[in-house]
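The structure appears right after this line, and notes come after that.
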Amino acid sequence: IVATASGVAVSDAGNCRVQSLTPSGSHLLSMPLCPGPHVVAGLAAAADGTIFAGIKEFDSGWDYPSLDRWHSYVLRASPTGDILERFGGACGGGSNQFSRVCGVSLAGSQLLVVDQGNHRIVVLGTAPKLRWLRAFGSQGSGRGELSLPETAIGHEGSVYVADQGNARVSVWTEEGRY
């Protein structure tokens with residue numbers, strides 16, 4: 001759930017859509033974000049009403065629990081649900097690739113993407129288009145390492161990462177220094 005200019009946006013993960021509600025809970029609209037066997041894996045909303053969503057997709061012929069086969073990407077949608085842009089898609093560990101997007105959040109004008117399968121946080125620029133800026137974290141349990149990160153939140157120049165596999169919260173600078 002994220003606050004928007006008109007109320008709240010709620011991830012309807014299994015149906016791969018976002019429900020937009022007024023502050024009192026009345027339904028405004030449904031935004032279908034993707035067809036087929038996909039999951040909304042996180043939401044962020046900009047002040048202008050733009051919605052950013054992390055999407056995980058899998059081929060219905062694959063074994064659902066086999067999460068290493070999920071393709072992941074980030075969508076930018078208008079306040080009315082029109083898809084404006086897609087970033088990523090190929091499963092991998094390079095720039096412009098993700099392995100299991102688990103969450104997204106805004107830190108100023110940058111989008112933090114939790115790339116759980118690659119044990120890292122990816123930072124995307126949001127203007128004028130989504131673009132790769134940097135990534136931080138790598139697999140492990142030591143300083144500056146992550147194991148199955150779940151959430152990343154930017155606050156006052158720091159990025160707080162819920163590091164599920166290491167049962168801790170890691171604190172980073174927005175530039176990615178531990």
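The values are calculated or read from the model by the stated rules, or taken from the named source; none is laboratory data. Keep in mind that what you see is a predicted model, and the values were worked out from it rather than measured. Don't worry about glycine lacking a Cβ; one is built from the backbone with ideal geometry, like all the others, and counts go over all protein chains shown. When the accessible area is computed, the model is the full protein with side chains, heavy atoms only, and any ligands, DNA or RNA have been set aside. Shrake-Rupley method; radii C 1.70, N 1.55, O 1.52, S 1.80 Å.
Cα convex hull, region 8-51: 66 Å³ per residue, rounded to a whole number. Label positions at Ala3 and Thr80, each projected 7 Å from the Cα along the C-beta direction, are separated by 2.6 nm.
For Gly89, the amide hydrogen comes within under 5 Å of the amide hydrogens of Ser72, Phe98, counting only partners 5 or more places away or on other chains and with H modelled in the peptide plane.
Using the scaling law 2.2 N^0.38 Å as the reference, what is the normalised Cα Rg of the chain? Mind dumping the intermediate values first?
Details: Rg = 15.6 Å, N = 178, 2.2 N^0.38 = 15.8 Å.
Relative to the rule-of-thumb radius for its length, the chain sits at 0.99.
Annotation: Arg131 carries an accessible surface of approximately 110 Å², with a 1.4 Å probe and no ligand, DNA or RNA atoms counted. With a cut-off of 14 Å on the backbone N, the residues of region 85-114 near the modelled label site 7 Å out from Ala47 along Cα-Cβ are 107-110. When only alpha carbons are used to place a centre, region 137-178 and region 1-30 end up 28 Å from one another.
Taking Cα pairs under 8 Å and at least six residues apart, what relative contact order does the chain come out at, in percent? Please report the intermediate quantities before stating the final value.
On the way: 468 pairs, mean separation 20.9, N = 178.
Once normalised by length, the contact order is 12 percent.
The Cα atoms of region 84-178 give a gyration tensor whose axes a ≥ b ≥ c have a/c of 1.5 or more with a/b no greater than b/c, which makes the shape oblate.
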